[in-house]
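The values are calculated or read from the model by the stated rules, or taken from the named source; none is laboratory data. For clarity, every value in this text was computed on a predicted model and none was experimentally measured. Please note: Cβ atoms are built from the backbone with ideal geometry, for glycine as well, and neighbour counts cover all protein chains shown.
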Amino acid sequence: MPNDSNIFWSRYQPGLKWLENASDGPLTADEYAGIRSSRYRRESHLDTVAGFTDHGGELVVEVGCGIGIDGSRFVEGAARYVGVDQSDAAVRTARWSFDMLGLKGAVVEGDATALPIASASVDFVYSNGVLHHIPDTAGAVREIHRILRPGGRCLVMLYHRRSFNYYFNIMVLRRLGAPLLLLPGGARLVAWLTGESVETLAGHRALLRRHGLAYLTERQLFLSNNTDGPGNPLSKVFSNDQARLLFAGFDNVETEVHFLNLRTLPLLDRLLGPATRERLARRLGWHLYVHATRSDSASATQA
């Protein structure tokens, strides 16, 4: 029986949220191109960080592939690609899209903590914005270690605890603004100020009514529902030190930070110039990327 996480991520696939009228059927070529354009316009750093064209001939496994947007880039860069996702909706959409584009990558349904991949067989593991939604994040990291060949590398993005988005946007501004949703016309005001959809705001209003003050004071409850939308079962955040500890069983662990995430602060986004925004993103960004290598002798962390 599907759990809450499967239900949520099948219903609210991140890639599909950029479509105004997403359906359950296959995407058109224009829709897929539009989603790709939106993604890389918002996260322009991904070309450099992920190195989509740097893995030609390598076996690349993506843990939490969604609808295959990044996966298509790896395949176009001549990688041998396998995408894994727990959501049947994501897997179905990714397969449709690969077929439409004539791409040969494989997409399979599976759990990040029990990957259907042979041990020590993978050159590069990629996971962008997935492992912080899994209760056993450390178990997923151990699985990445297991499937990597000695010398194989991984790139994992986690939500960054020491970020502007976490400390200011989520934990301060969203908490202060949430009670407005209970006032007559409050939702329309918040929608106008933030650009958030009326549907999303209605979800937060329902959570406020259900949980009362606890919605604002219970950190994990508020965090989870204010990262990827109301109803999201779990989101976690990691500091740089916590991320390094998580990957303690790997060699050459390096981290970098990107993406300031000012989506719900459009005025501030316009006021900051590109250079200032980039400087801030490299220190206070929402996306914490971990680069690591499996060595011959290292064993996965048991954290």
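Descriptive notes on the structure:
- Within the range 233-260, the set of residues being hydrophobic (A, V, I, L, M, F, W, C) and in contact (Cβ under 8 Å) with a residue 60 or more places away in the chain comprises L234, V237, F238, A243, L246, F247, F250, V257, F259, L260.
- Here the range 67-123 is the region considered, the condition is being under 21 Å from the mean Cα position of the chain (by Cα) and of a type in the set (K, R), and the residue that is farthest from S295 (Cα to Cα) is R92.
- Any hit, the range 289-303, residues being under 28 Å from R174 (Cα atoms), in a loop (DSSP other than H, G, I, E, B) and out of contact with any Gly (no Cβ under 8 Å at 6 or more places or on another chain): no
- Of the residues screened, G56 is one that is more than 22 Å from E196 (Cα to Cα), surrounded by fewer than 19 Cβ atoms within 10 Å (Cβ to Cβ) and at pLDDT 95 or above.
- Unique residue being modelled with pLDDT of 95 or more and within 30 Å of L180 (Cα to Cα) when the list is R205, R270: R205
- Flag for Y159 being of a type in the set (S, T, Y), in a helix (DSSP H, G or I), at pLDDT 95 or above and buried (at least 19 other Cβ atoms within 10 Å of the Cβ): no
- Boolean, A78 is over 29 Å from G285 (Cβ atoms) and either assigned to a loop (DSSP other than H, G, I, E, B) or in contact (Cβ under 8 Å) with a residue 24 or more places away in the chain (or both): yes
- Residues that are touching a residue at least 24 places away in the same chain (Cβ under 8 Å) and either assigned by TED's automatic domain parsing to the domain that holds L262 or outside any helix (DSSP H, G or I) (or both), drawn from the range 178-214: G195, E196
- Residue match in the range 221-232 (condition: assigned by TED's automatic domain parsing to the domain that holds A178, assigned to a helix (DSSP H, G or I) and surrounded by fewer than 19 Cβ atoms within 10 Å (Cβ to Cβ)): yes
- Qualifying residue in the range 90-105 (condition: in contact with a helix residue (DSSP H, G or I) (Cβ under 6 Å, 6 or more places away or on another chain) and aromatic (F, W, Y)): no
- Count - residues of the range 233-256 that are under 25 Å from R294 (Cβ atoms), within 16 Å of the chain's Cα centre (by Cα) and surrounded by 20 or more Cβ atoms within 10 Å (Cβ to Cβ): 2
- Candidates V49, V63, V75 - the one that is β-branched (V, I, T) and within 26 Å of I7 (Cβ to Cβ): V63
- Meets criteria (more than 25 Å from A140 (Cα to Cα) and in contact (Cβ under 8 Å) with a residue 24 or more places away in the chain) for F52: no
- A search for C-beta distances below 7 Å between a residue of the range 94-121 that is over 25 Å from R149 (Cβ atoms) and any residue that is surrounded by fewer than 16 Cβ atoms within 10 Å (Cβ to Cβ), counting only pairs 6+ apart in sequence or on different chains, returns W96/P26; M100/P26; M100/A29.
- Count - residues of the range 1-35 that are within 22 Å of M100 (Cβ to Cβ), modelled with pLDDT under 75 and assigned to a loop (DSSP other than H, G, I, E, B): 8
- Among the conditions (1) on the phi < 0 side of the Ramachandran plot; (2) modelled with pLDDT under 95, G66 misses just one, which is (1).
- Screening P274, P230 for residues that are without any contact (Cβ under 8 Å) to a residue 60 or more places away in the chain and either of a type in the set (F, W, Y) or in contact with a Leu (Cβ under 6 Å, 6 or more places away or on another chain) (or both) leaves exactly one candidate, P230.
- The range 36-75, residues that are under 20 Å from K104 (Cβ atoms), outside any helix (DSSP H, G or I) and of a type in the set (S, T, Y): T53
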